[in-house]
Amino acid sequence: MSTDELSNSLPLEPLNTYLEAHLPQFSGLRQVTKFSDGQSNPTYLLEAQSGRYVLRRKPHGALLASAHAVDREYRVIRALADTDVPVPEALLLCTDDSVIGSMFYVMAFVDGRTLWNHALPGFSIPARRQIYDELNRVLVALHAVDITAVGLADYGRPGNYYERQISRWSRQYRASETGRSDSMEKLIAWLELNVPADDGRRCLVHGDYRLDNMMFDRHESRAIAVLDWELSTLGHPLADLAYQCAQWRFAHDADLLPGIGGLDRSALGIPTEEEYVGTYCERLGIESTTHWNFYLAVSYFRLAAICQGVYKRGLDGNASSERATQFGRLAENIARTACELLD
């Protein structure tokens, strides 16, 4: 069986045997369906006699160091269970690779809707306002979590968060580099020389916080689950905010990474970047977003490195998406856009 075929299937009988033995009330696995969306950890819908569940696993094949840490995902969503941050119920972590070929975890199935188009076509102006306000509210709730109380005080390394991020993503980029990019070289050099002094802010950060990584109630503008915690760690709160605000700058008609750039956001009822940032800062009690262009540049850099990693996995045949090989061009475009911020 090829790597691609392995990524799209699971051995039903061994999986069912394991889950019936280790997951209370689980019985009768009937069908496994891989979700087609997502570029990182393969995700599957499990349909069983006892109900529906979701399984996330590491991809097959050679992986970059520290990437695809499904055990970290499991730990963080379990820790957030009794907080104001909506997450699926974490049910089971399996570190035994022999069951399905790699580490995996199972969480409860959340019956909601994912809003893929950030422009929210088909929604009323008040509904768009409510959805973006809810997105903002949940981000503030995440950054307000008492990391000690939920057992995550050791979830990230000490020291300047941005120095660590630049170092980590530089290594990840080098490990998946397929050719020289002058834009990435310029970006890395500038970031290393312009890291702001550590201001002491430290909180749980999602790492990939955006509209389409959240599930909403099917009938209300209410978030019911934040998903895809693979990149979560302890860091600076404005990292998540700047990363999300990159969506304001991406063209709304882009094929691979569409945002809300170029739209008349006021007419749509979507806040401007300035309004969204202002609301966030007021809610969290932050008075300043000094060094905003640096935070944005780091966000672009991380995203470019992630896209390069997706592209490399596509070339190697162990990506989660069939579109992975299209991400090489996207990585270069993002890096080039980031360099405009530096000027």
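Derivation of every value follows stated rules applied to the coordinates shown; laboratory data play no part. In this text the structure is predicted, and so the values were computed from the model without any measurement. Here Cβ is always computed from backbone atoms with ideal geometry, including for glycine, and neighbour counts include all displayed protein chains.
Things to note:
- For the stretch 201-245 and the stretch 144-173, distance of Cα centres in Å: 15
- Under 11 Å, Cβ to Cβ, from ARG30 - net charge with Lys/Arg +1 and Asp/Glu -1: 0
- Alpha-carbon Debye profile of the stretch 95-226, log10 I(q)/I(0) at 0.11, 0.12, 0.13, 0.22 Å⁻¹: -0.68, -0.80, -0.91, -1.19
- Counting only aspartates and glutamates at least 8 places from LYS34 when in the same chain, those with an alpha carbon closer than 17 Å to its own are ASP4, GLU5, GLU13, GLU47, ASP111, ASP228, GLU322.
- Degrees separating the helix 125-143 axis from the principal Cα axis of the chain, which is the longest one: 80
- Reciprocal mean inverse distance between Cα atoms of the stretch 15-173 - Kirkwood radius, Å: 18.3
- Burial ordering of TRP229, TRP116, fewest other beta-carbon atoms within 10 Å first: TRP116, TRP229
- Projected-area mean, the stretch 186-332, by convex hull of Cα positions, square nanometres: 10.7
- Qualifying GluC sites (Glu not before Pro) in the stretch 261-330, DSSP loop, other Cβ atoms within 10 Å at most 10: GLU287
- Compared with the dominant Cα axis of the chain, that is its longest principal axis, helix 161-176 is turned about 60°.
- Our analysis of the chain gives Rg over Rh at 0.95, with the two radii drawn from alpha carbon positions and Rh computed by the Kirkwood formula.
- Top of SER232, SER36, SER221 by mean-square fluctuation, Gaussian network on the chain, Cα under 10 Å: SER36
- Beta bridges per DSSP with both ends in the chain, % antiparallel, nearest 5: 95
- Taking the C-alpha atoms only, the angle from helix 70-79 to the longest principal axis of the chain is near 80 degrees.
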